[in-house]
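Structure, as structure tokens:
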Amino acid sequence: MLRLELEPGASAAWPEIADDAPLPDGDCILSFARLRAGGVPDRSGSGRLGVSLRIDEPVEALAGSIERLALVLLTVPAFRDGRVFTQARTLRERLDFAGEIRVAGPVLPDQAAFLERCGVSSLVLPANADEAVWRRANARMHTAYQPSVRDEPAGPGLKRRSEAASGG
Amino acid sequence: MSGHGLPVGTYGYDATDRAFLADRVDEFRDQVQRRLDGALSEDEFKPLRLMNGLYLQLHAYMLRVAIPYGTLSAIQLRGLAAVARRHDRGYAHFTTRQNIQFNWIRLEDAADILAELAVVDMHAIQTSGNCIRNVTSDEFAGAAADELVDPRVYAEILRQWSTLHPEFSFLPRKFKFAISGSPQDRVAARFHDIGIVARRDDAGRIGFGVHAGGGLGRTPAIGIPMREWLPEEELLAYMEAILRVYNAHGRRDNAYKSRIKILVQALGAEAFTRAVEDEFAAMPRHRFRLEPKTVAAIAARFGTPALEAPADAAAVLAADRAADPAFDHWVSTNTHPHRDPGHICVVLSLKPTGGIPGDASAAQMDAVADLAERYSHAEIRVSHLQNLAFGHVRRDRLRSLWQELAALGLASANAGLIGDIVCCPGLDYCTLANARSIPIAQRISDRFADAELQRRIGPLRINISGCINACGHHHAAGIGILGVDKKGEEFFQLTLGGTAESDVAIGQILGPSLPEAEAVVAIERLVETYLSLRTGEERFLDTYRRLGNRPFKEAVYAAA
Ligand code: SF4
């Protein structure tokens with residue numbers, strides 16, 4: 001699995017666990033439905049927990065459990081579906097989520113910088129992706145005109161430097 | 001002139017703004033290359049080219065260039081004329097959204113054109129696609145006597161804020177803003193996804209009235225009031241809240257139901273407003289606060305005209321008018337009062353008899369740029385009614401400007417009259433069209449060529465759209481004309497009683513649609529009926545409101 005890190009330290013691949021499978025040792029991702037039905041399982045000592053959300057599942061519903069989650073995986077059904085940007089931003093700005101936000105699905109290289117500025121930490125790239133194209137696209141723009149969750153230094157006016165992903 | 005080297009009436013780019021545009025042109029060049037290489041499918045390329053204003057039309061690509069809040073400098077207008085000459089067929093077309101379109105573009109040239117535009121600080125960013133589009137404003141902004149706040153600084157703030165917005169670049173559908181600073185609505189604020197009216201409180205502080213959920217298209221809707229008074233510093237936070245609710249909840253399964261107006265209707269005005277207010281209350285508003293210093297920094301990039309006129313400027317104009325009835329007529333239709341008594345605002349009609357509404361030749365554009373430099377501080381405005389305007393013309397020089405405009409074919413004395421037709425490109429260019437809107441516009445214009453007749457009819461707007469997408473804003477006119485397809489033939493449906501002004505109303509369908517020739521006759525009958533039934537100087541709209549559609553319907557259909 002090829003991943004593009006949008007912020008340093010985004011973690012490695014985590015297995016997604018089927019709703020009827022037992023929890024393995026180590027980091028893993030559960031579905032939103034399972035989490036919602038069974039609550040956040042106690043994982044003390046056996047690994048961190050992530051949750052996977054579909055585009056139409058409300059991130060606000062994670063409010064009560066967000067502190068015990070280390071990763072949220074958002075899956076985009078189509079690159080045109082811009083709800084993922086609001087999901088990520090809501091996680092960061094309304095739920096104050098400090099863990100990793102990972103996005104999977106058919107996003108375009110040209111969307112990487114937008115996702116980054118909405119608080120996404122890493123992207124799961126399509127299988128045949130040319131990583132260089134993604135890095136180039138993500139490093140393209142050096143200026144942005146609106147605040148983002150990255151709180152880039154601002155001014156003059158609305159301008160801020162939009163820092164490209166550090167790579168690696 | 002500005003005195004600071006800044007363009008009058010519009011935001012002057014700095015080095016960072018220019019670097020941003022250069023990055024953007026590079027990005028587009030790369031995207032075109034990836035498309036030509038096959039790395040991008042047409043499906044994937046489409047939203048990217050649309051975000052750079054490039055449409056695939058019937059015969060060629062069309063490039064739509066943004067004219068933010070409808071203001072441009074003489075240098076920029078010459079830049080557009082050069083593109084028209086080099087890459088089009090010597091013409092350009094001004095649209096109802098204060099943009100300009102080139103209809104004969106090759107994909108291979110598109111990145112070069114964007115680079116040429118960038119030289120004059122222009123771009124095509126977000127002139128199409130499901131994103132926040134060009135912010136429109138009043139063509140008399142910063143000049144009109146009735147204005148309370150110059151809306152262009154805020155239009156520029158909204159333009160910058162919405163440019164490559166990380167969260168709102170893939171919305172359910174396109175999103176349109178209009179902003180006015182006058183209590184007299186000249187921007188059709190309530191027919192926009194968000195319509196903003198800038199105002200002042202008793203202490204002189206600036207705030208905004210906000211409407212949302214308006215629009216034309218196949219389901220015309222008048223925007224609902226969201227805030228009577230939104231303080232300046234909360235402008236961006238509140239816009240974020242509205243857009244976030246729309247982005248999260250707007251429909252994405254059906255393009256016809258995906259505009260914000262449908263969400264407002266589905267939730268109801270109250271629930272929609274509550275959702276926005278909840279979002280607004282919960283968001284980190286400090287991050288989005290529009291600080292006075294931010295407003296000041298952007299305002300400081302606008303050039304301001306030094307308005308100096310001789311003490312007798314107004315007297316000279318009065319004498320000129322008395323001496324020349326043709327000039328006097330033109331002044332009464334094609335000017336608007338300026339806040340300075342020595343100056344006046346002027347409409348340059350792009351509606352010559354029998355012409356194509358909104359079209360201008362490269363030669364006309366160059367000539368207008370020259371006139372703007374000599375008469376109006378090098379500033380040109382584009383109106384949402386597909387005309388051009390000069391903001392700051394000295395009254396004592398108006399007659400000489402009029403003579404020069406007449407020589408260019410830009411002095412039709414018809415602003416706001418029946419000859420001032422608004423019309424979309426229609427089936428001559430547009431892939432979505434049902435009917436040709438340009439020829440019927442030309443025919444109507446010919447029928448009412450008589451200037452005296454036009455004056456007798458008085459204010460009457462005719463707007464024409466070639467299909468239900470309503471780019472010609474047909475619902476917003478006293479007489480609206482909509483092209484429909486009837487078993488493969490071009491027919492036209494008439495609507496009456498619409499207006500986008502302060503007494504906003506949606507035009508209502510008169511009856512069955514008609515073939516072109518009959519539709520033109522029907523317009524004549526409507527006008528005759530109005531003239532015979534009006535009392536005194538009553539406007540068409542008022543006669544219609546007083547009598548309803550019955551006499552008009554009878555006049556059109558009884559004889560048929
Ligand atoms: S109204 Fe229809 S025909 Fe006219 S420009 Fe818009 S989409 Fe094309």
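The values are calculated or read from the model by the stated rules, or taken from the named source; none is laboratory data. A quick note: this is a predicted structure, and the numbers were derived from the prediction, not measured. As a convention, Cβ positions derive from the backbone with ideal geometry for all residues, glycine included, and neighbour counts pool all protein chains shown. In case anyone asks, the SASA skips ligands and DNA or RNA and just uses the protein heavy atoms, side chains included. Shrake-Rupley method; radii C 1.70, N 1.55, O 1.52, S 1.80 Å.
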For this session: Determine whether B:Leu230 is open to solvent by less than 10 Å² (accessible area, probe 1.4 Å), over 30 Å from B:Gln386 (Cα atoms) and not acidic (Asp, Glu).
Result: yes
Exercise. Just for strands (runs of 3 or more DSSP E) wholly inside region B:397-516: which have at least 1 residues that are under 20 Å from the mean Cα position of the chain (by Cα) and within 16 Å of the ligand (Cβ to nearest atom)?
Worked result: B:462-465, B:479-486
Exercise. Out of all the residues in region B:255-266, which are away from chain A (no Cβ under 12 Å) and either under 13 Å from A:Asp81 (Cα atoms) or open to solvent by 90 Å² or more (accessible area, probe 1.4 Å) (or both)?
Worked result: B:Tyr256, B:Gln265
Exercise. Just one of B:Arg546, B:Arg550, B:Arg539 is in the same structural domain as B:Leu496 (by TED's automatic domain parsing), under 16 Å from B:Thr499 (Cβ atoms), out of contact with any helix residue (DSSP H, G or I) (no Cβ under 6 Å at 6 or more places or on another chain) and surrounded by fewer than 14 Cβ atoms within 10 Å (Cβ to Cβ); which is it?
Worked result: B:Arg546
For this session: Look at B:Glu373 and say whether it is surrounded by fewer than 21 Cβ atoms within 10 Å (Cβ to Cβ), in contact (Cβ under 8 Å) with a residue 60 or more places away in the chain and either in contact with a strand residue (DSSP E or B) (Cβ under 6 Å, 6 or more places away or on another chain) or on the phi < 0 side of the Ramachandran plot (or both).
Result: yes
Problem set entry | Among residues of region B:16-63, those that are more than 13 Å from chain A (Cβ to nearest Cβ) and surrounded by fewer than 22 Cβ atoms within 10 Å (Cβ to Cβ), counted | 9
Exercise. What pairs can you find where one residue is in region B:430-441 and in the same structural domain as B:Tyr61 (by TED's automatic domain parsing), the other is more than 10 Å from the ligand (Cβ to nearest atom) and open to solvent by 20 Å² or more (accessible area, probe 1.4 Å), and their Cβ atoms are less than 9 Å apart, with a gap of 6+ or different chains?
Worked result: none
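Residues are listed down the side, and each one gets a yes or a no for (1) within 14 Å of chain A (Cβ to nearest Cβ); (2) in a loop (DSSP other than H, G, I, E, B); (3) surrounded by 24 or more Cβ atoms within 10 Å (Cβ to Cβ); (4) on the phi > 0 side of the Ramachandran plot:
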| site | (1), (2), (3), (4) |
| --- | --- |
| B:Ala141 | no, yes, yes, no |
| B:Asp146 | no, yes, no, no |
| B:Ser169 | yes, yes, no, no |
| B:Pro172 | yes, yes, yes, no |
| B:Arg186 | no, yes, yes, no |
| B:Ile196 | no, no, yes, no |
| B:Ala203 | no, yes, no, no |
| B:His211 | no, no, no, no |
For this session: Would you check if there is a residue in region A:15-35 being open to solvent by 40 Å² or more (accessible area, probe 1.4 Å), in a loop (DSSP other than H, G, I, E, B) and under 26 Å from B:Arg285 (Cα atoms)?
Result: no
Exercise. So is B:Tyr69 within 14 Å of chain A (Cβ to nearest Cβ) and within 24 Å of the chain's Cα centre (by Cα) or not?
Worked result: no
For this session: Mind telling me which of the residues B:Arg447, B:Arg436 ends up being open to solvent by 10 Å² or more (accessible area, probe 1.4 Å), of a type in the set (D, E, K, R) and under 17 Å from B:Val556 (Cβ atoms)?
Result: B:Arg447
Problem set entry | Yes/no for A:Val40 being on the phi < 0 side of the Ramachandran plot, outside any helix (DSSP H, G or I), buried (at least 16 other Cβ atoms within 10 Å of the Cβ) and in contact with a Phe, Trp or Tyr (Cβ under 9 Å, 6 or more places away or on another chain) | no
Exercise. Checking B:Asn469 against (1) modelled with pLDDT under 95; (2) crowded, with 18+ Cβ neighbours inside 10 Å; (3) in contact with a Gly (Cβ under 7 Å, 6 or more places away or on another chain), which test does it fail?
Worked result: (2)
Exercise. Is there any pair linking a residue in region B:304-325 that is modelled with pLDDT of 95 or more and open to solvent by less than 40 Å² (accessible area, probe 1.4 Å) to one that is among the aromatic types (Phe, Trp, Tyr) and not in a loop (DSSP other than H, G, I, E, B), with Cβ under 7 Å and at least six apart or on different chains, and which?
Worked result: B:Asp320/B:Phe327
Seminar exercise, completed: Here the residues within region B:235-252 that are more than 22 Å from B:Cys467 (Cβ to Cβ) and not hydrophobic (A, V, I, L, M, F, W, C) are B:Tyr238, B:Glu240, B:Arg244, B:Tyr246, B:Asn247, B:His249, B:Gly250, B:Arg252
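Mind checking which residues of region B:406-429 are of a type outside the set (A, V, I, L, M) and either within 20 Å of B:Pro515 (Cβ to Cβ) or surrounded by fewer than 23 Cβ atoms within 10 Å (Cβ to Cβ) (or both)?
Across region B:406-429, the qualifying residues are B:Gly409, B:Gly416, B:Cys423, B:Cys424, B:Gly426, B:Asp428, B:Tyr429.
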For this session: Within region A:61-106, count every residue that is under 19 Å from A:Arg135 (Cβ atoms) and at the interface with chain B (Cβ under 10 Å from one of its Cβ atoms).
Result: 2
Exercise. What about B:Arg133, is it outside the structural domain of B:Ala296 (by TED's automatic domain parsing) and not aromatic (Phe, Trp, Tyr)?
Worked result: yes
Exercise. Do we have A:Arg160 as in contact with a strand residue (DSSP E or B) (Cβ under 6 Å, 6 or more places away or on another chain), charged (D, E, K, R) and within 11 Å of another protein chain (Cβ to nearest Cβ) here?
Worked result: yes
For this session: Test each condition in (1) open to solvent by less than 10 Å² (accessible area, probe 1.4 Å); (2) more than 14 Å from every other protein chain (Cβ to nearest Cβ) for B:Ile157 and report the one that comes out false.
Result: (2)
For this session: Taking B:Thr495 as the residue in question, decide whether it is at pLDDT below 95 and touching a strand residue (DSSP E or B) at 6+ places or on another chain (Cβ under 8 Å).
Result: no
Exercise. How many of the residues in region B:517-553 are part of a helix (DSSP H, G or I) and closer than 30 Å to B:Leu427 by Cα?
Worked result: 16
